[in-house]
Amino acid sequence: MDVRIEKSWKEQLASEFDKAYFAQLTDFVKDEYRKGTVFPSGSNIFSAFDHCPFDKVKVVILGQDPYHEPRQAHGLSFSVREGVPFPPSLINIYKEIENDLGVRAPQSGDLTRWADQGVLLLNATLTVRAHQAGSHQNKGWETFTDAVIHCLAESRSHLVYILWGAYAQKKGAFIDTRNNLVLKSAHPSPLSAYRGFFGSKPFSQTNAYLIANAQSPINW
């Protein structure tokens with residue numbers, strides 16, 4: 001199956017695109033776009049990969065679902081388009097950046113600048129029906145994004161995996177902690193941020209690990 005995705009990822013994931021589940025997923029997603037509003041736009045479904053080629057990945061931040069309200073989702077977990085008000089989880093992520101690094105939080109909620117530095121902002125599910133959180137779960141996306149993580153885990157080492165919340169931690173449970181840094185904490189959503197997200201210092205820990213492994217740090 002011909003999938004429009006960055007070249008190195010296309011090569012790494014070629015076997016996934018030929019599997020029956022992916023054909024069924026593609027049919028489902030195409031039908032959803034035909035029937036109503038789906039986020040992100042079709043051209044942005046694989047943005048996380050397009051901005052962060054396979055051999056450039058330094059950090060993986062796992063999200064769950066794309067944002068399901070207009071103008072928010074554009075293919076990067078936790079990120080919103082330029083000029084869009086920050087969702088609650090992103091507000092808390094920026095608070096932790098300020099507390100962790102002692103710098104002023106960014107003024108834009110568009111995290112493309114992270115992706116371009118090697119941060120794979122990967123949602124478990126890459127599409128969602130407008131106004132219906134979780135509406136594209138259990139249709140095949142999770143199988144695909146599991147394959148993405150397995151691919152990285154098998155072929156790359158000394159990566160940082162940032163797993164916020166129980167869902168992300170379960171999805172990344174198999175990652176080898178001997179050859180990678182796996183950072184786990186509560187999710188940044190308002191429901192759980194005070195239960196271990198605030199004060200977890202993921203950004204400084206990430207950069208310290210990258211520097212220790214002869215990689216350039218991320219400008220958060």
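Tabulated data for the structure shown
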item	result
Subset of the range 184-198 [open to solvent by 40 Å² or more (accessible area, probe 1.4 Å), touching a helix residue (DSSP H, G or I) at 6+ places or on another chain (Cβ under 7 Å) and either at pLDDT below 95 or farther than 21 Å from Leu152 by Cα (or both)]	His187, Pro190, Phe198
Search result, residues across the range 132-157 that are touching a Leu at 6+ places or on another chain (Cβ under 9 Å) and within 19 Å of Leu121 (Cβ to Cβ)	His136, Trp141, Phe144, Thr145, Ala147, Val148, Ile149, Cys151, Leu152, Ala153
Within the range 48-94, considering residues that are over 23 Å from Ser189 (Cβ atoms) and among the basic types (Lys, Arg), the one least open to solvent (accessible area, probe 1.4 Å)	Lys58
So His131, is it open to solvent by 70 Å² or more (accessible area, probe 1.4 Å) and over 27 Å from Asn219 (Cβ atoms)	yes
Residues of the range 152-183 that turn out to be under 21 Å from Gln215 (Cβ atoms) and either surrounded by 16 or more Cβ atoms within 10 Å (Cβ to Cβ) or among the basic types (Lys, Arg) (or both), as a count	15
Failed criterion for Arg104 (all others in (1) part of a helix (DSSP H, G or I); (2) free of Cβ contacts under 8 Å to residues at least 40 places away in the same chain hold)	(1)
Enumeration of residues in the range 63-86 that are acidic (Asp, Glu) and touching a strand residue (DSSP E or B) at 6+ places or on another chain (Cβ under 6 Å)	Asp65
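The values are calculated or read from the model by the stated rules, or taken from the named source; none is laboratory data. Computed from a predicted structure; not experimentally measured. So basically every Cβ, Gly included, is an ideal-geometry build from the backbone, and we count neighbours across all protein chains shown. Ligands, DNA and RNA are stripped out before the accessible areas are found, and what is left, the full protein with its side chains, is counted by its heavy atoms. Shrake-Rupley method; radii C 1.70, N 1.55, O 1.52, S 1.80 Å.
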